[in-house]
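The values are calculated or read from the model by the stated rules, or taken from the named source; none is laboratory data. None of these values were measured; they are calculated from a predicted model. We place every Cβ from the backbone using ideal geometry, glycine too, and count neighbours over all the protein chains shown.
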Amino acid sequence: MKRALLAGVAILVMLPAAAQDAKKGEALALQQCAACHGKDFLTPIDPTYPKLAGQYQDYLEKVLRDYKTGARNNAIMNGIAKPLTRDDIRNVSAYLAALPGPLSNQKR
Ligand code: HEC
């Protein structure tokens, strides 16, 4: 019984990860984000704009949710995050997190 419950929990925990789609995230990122953050997401058009490549996925998701709700305030990013769906946020974060960059400590 306990084991079945644990298996059920494990499946539930794995579902959101399976639902993300970095390919869709790539399309969205190149259409809506690259103009400011740079095509490689390491060379933004202004040095005050953050690098995103290789940033942790959970950080990216949280920040984008916070921009969307207004919990984090920035005139530019609030407007950009507002129309993003939960799936958009997951997908684009999965794509950006997988890119090589100095923010990541993963060996590639
Ligand atoms: C018009 C320019 C512009 C576009 C387009 C844009 N951004 Fe941004 N982005 C910014 C600026 C400026 C900041 C810094 C805002 C701040 O200080 O909070 C930022 C910050 C961020 C951050 C916070 C990074 C950190 O280290 O905290 C994330 C994540 C982000 N953008 C993701 C995106 C995504 C995803 C898209 C496309 C859906 C996008 N941005 C499109 C200008 C832009």
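Key figures for this structure:
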| read-out | value |
| --- | --- |
| Qualifying residues in segment 76-88 (those that are near the ligand (Cβ under 8 Å from one of its atoms) and either more than 10 Å from the chain's Cα centre (by Cα) or of a type in the set (A, V, I, L, M, F, W, C) (or both)) - the one farthest from ASP21 (Cα to Cα) | ILE76 |
| Filtered residues of segment 45-60 (kept if buried (at least 16 other Cβ atoms within 10 Å of the Cβ) and either within 9 Å of the ligand (Cβ to nearest atom) or of a type in the set (Gly, Ala, Ser) (or both)) | LYS51, LEU52, ALA53, GLY54, GLN55, LEU60 |
| Whichever residue in segment 47-78 is among the hydroxyl-bearing types (Ser, Thr, Tyr) and in a helix (DSSP H, G or I) and, among such residues, is farthest from PRO100 (Cα to Cα) | THR69 |
| Residue match in segment 79-102 (condition: exposed (fewer than 11 other Cβ atoms within 10 Å of the Cβ), modelled with pLDDT under 95 and outside any helix (DSSP H, G or I)) | yes |
| Segment 30-44 - residue that is more than 6 Å from the ligand (Cβ to nearest atom) and not in a loop (DSSP other than H, G, I, E, B) and, of those, surrounded by the fewest Cβ atoms within 10 Å (Cβ to Cβ) | GLN31 |
